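Only one structure is covered here, and it is reproduced in the block below.
FYI, it's all coordinate maths here, none of it is from the lab. What you see is a predicted model; the values in this text were computed from it and never measured. Note that we place each Cβ from the backbone using ideal geometry, even for glycine, and neighbour counts take in every protein chain shown.
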Amino acid sequence: MARDGTQGGTQGATQSQASNIWTQVESQPMERIVWGRLYGKNIKIKSLDLNNDEFKAGRGEANDLVLTLKDLPEKILTRISKVHFIIKRANCELTNPVYIQDLSRNGTFVNNEKIGTNNMRILKNDDVISIAHPTYKAFVFKDLSPNEAIGLPEEITKTYSVNRKLGSGAYGLVRLVYETRTCQQFAMKIVKKNMLAGSARPSTNLSDPERVLNEAKIMKNLTHPCVVRMHDIVDKPDSVYMVLEFMRGGDLLNRIISKKLLSEETSKLYFYQMCHAVKYLHDRGITHRDLKPDNVLLESGDEDTLLKVSDFGLSKFVQKDSVMRTLCGTPLYVAPEVLITGGREAYTRKVDIWSLGVVLFTCLSGTLPFSDEYGSPAAEQIKKGKFAYRHPAWKGISQRAKLLINQMLITDPKKRPSIDDVLQANWLRDTKVLQKAKQLMKLDSMEIEEVENNFLEPPTKRSRR
């Protein structure tokens, strides 16, 4: 018994010691990540590690850096505020941007430019911070995060802070960028021309700088709630850099994949907005040429969300036959007339109607109407307009939706409806959806046809297609 009691006591002591050790480990402060450094320039400090969410500098004693006569001349110190500036990086994460906020009376300057009281701007690697006067260069900021701007043109790096990758595809990649002066977020799409070019011959669109500049200006002036705004564009011999609105909801393709398919009501809401975007472009003589779920962006993660069409101007900067390729090189969303001519002959804006039909088919079923998996090459299926409603989801889809798809996926472009015809389709005569779309688009003056009564479908036989 005594032996058992001794063992029990020893075991209890061991557990107590282990508990004490764990408590000690837990109570020790975690080592903080150093995400940046400030080096003294005309100020008497060597360097300061930045390892908190925010770093304050000024004359006040509560600052991380308290500026005194030991650090700078009296004539400068008298112009320093209690809190002169704050440098912030959310959660100390290297993927987050660095902000500097000016809280001073006499000014904080970055690279000789005044920030302005209570204003913020993005702080980038090697930026020079001046205090009280632009000529009094006090610090040099060093960003310890990986440099995402390597290899980018100066026109981009001077204006934007380049951040994490948002996505990638066959043509290049998309990065999150911040406009340095405004701190506004954008998505920068980097399109590699050598990945788009189907041959070695130069594109006539790219050989005329004035034409490129003019078309870029036209695209930047397009304003519609369902068209992604192009904020900036930089055209270089090897790449096109498009700075676009940043849409937090991701693209329609990922939404369909995550949901497997969309309800008919949600599909109608999205499709209606897409149609208004295409109408806006067509009315201005612009054919999109590359409509697909990847190029449709959502404002939020909500099911009822504003939708915007993007990449509408890409074909103006690359060869017409090259923009028709999808990620794997199969033209799954391309109209038959483009495949038949190899993209070498002129074609009409009806190519966008065909693509809209494919997109609607994909939204409603989570599948593609044309695929190599259906027994014959997808290109041959497209040329013949051969498709079927195979997926079980089609059993619950209205006949009017199928009728509209059938009309848009007609191989003869002359028989295909215009975008105005599509917008007048019976399937889109839905008061509830139109009201919701109108609210999302925030266009009270827009002519949106509203019907007083929802149309009820007459009993009809199901299509065999």
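Given Cα pairs under 8 Å that are at least 6 residues apart, what percent is the relative contact order of the range 252-441? Mind dumping the intermediate values first?
Details: 258 pairs, mean separation 49.0, N = 190.
This gives 26 percent for the range 252-441.
Pop a pseudo-label 7 angstrom from the Cα along the beta-carbon direction at both Lys114 and Arg59 and give the gap in nm to one decimal.
Those two pseudo-labels are separated by 1.9 nm.
What residues qualify as long-range amide H neighbours of Leu166, i.e. H under 5 Å apart, gap of 5 or more or another chain, H built at 1.01 Å from N?
Val174, Arg175, Leu176
Ranked from highest to lowest mean number of other Cβ atoms within 10 Å per residue, what is the order of the peptides 254-262, 84-92? Please list the in-between numbers first.
Details: 254-262: 15.9, 84-92: 19.6.
Packing proxy ranking, top to bottom: 84-92, 254-262.
Be a star and scan the range 235-267 for residues whose amide nitrogen sits under 20 Å from the point 7 Å along the Cα-to-Cβ vector of Tyr374.
Residues 253, 256-257, 260-262 fall inside that zone.
State the extension gain, in nm to one decimal, for the chain segment bounded by Arg181 and Lys384, taking 0.36 nm per residue of separation less the distance between their alpha-carbons.
Details: separation 203, 0.36 × 203 = 73.08 nm, distance 5.34 nm.
Value of the extension gain: 67.7 nm.
Using only alpha carbons, build the gyration tensor for the range 36-143 and give me the equivalent ellipsoid semi-axes, biggest first, whole Å. Before the final figure, lay out the partial values.
On the way: eigenvalues 79, 41, 35 Å².
Ellipsoid semi-axes (Å, largest first): 20, 14, 13.
Between Thr78 and Lys165, what FRET efficiency follows from the Cβ-Cβ distance if R0 is 45 Å, with the result rounded to 0.05?
Details: r = 47 Å, r/R0 = 1.04.
For R0 = 45 Å, the calculated efficiency reads 0.45.
With r as the distance between the Cβ atoms of Lys260 and Asn406 and R0 = 22 Å, compute the FRET efficiency 1/(1 + (r/R0)^6) and round to 0.05.
Numbers: r = 24 Å, r/R0 = 1.07.
Result of the calculation: an efficiency of 0.40.
With θ set to phi - 60° and the Karplus curve 6.51 cos²θ - 1.76 cosθ + 1.60, what are the ³J(HN,Hα) couplings of the range 346-353 in order, to the nearest whole Hz, using x for Gly and Pro?
So the J values, rounded to whole Hz, are 5, 9, 9, 5, 5, 4, 5, 5.
Could you list which residues have their amide H under 5 Å from that of Val110, counting only those 5 or more apart in sequence or on another chain, with H placed in the peptide plane?
Amide H to amide H, under 5 Å and 5 or more residues apart or across chains, Val110 pairs with Ile115, Ser130.
Given 0.36 nm per residue, what is the gain on full extension from Thr223 to Glu155 after removing their alpha carbon distance, in nm? Mind dumping the intermediate values first?
Working: separation 68, 0.36 × 68 = 24.48 nm, distance 2.39 nm.
Full extension from Thr223 to Glu155 adds 22.1 nm.
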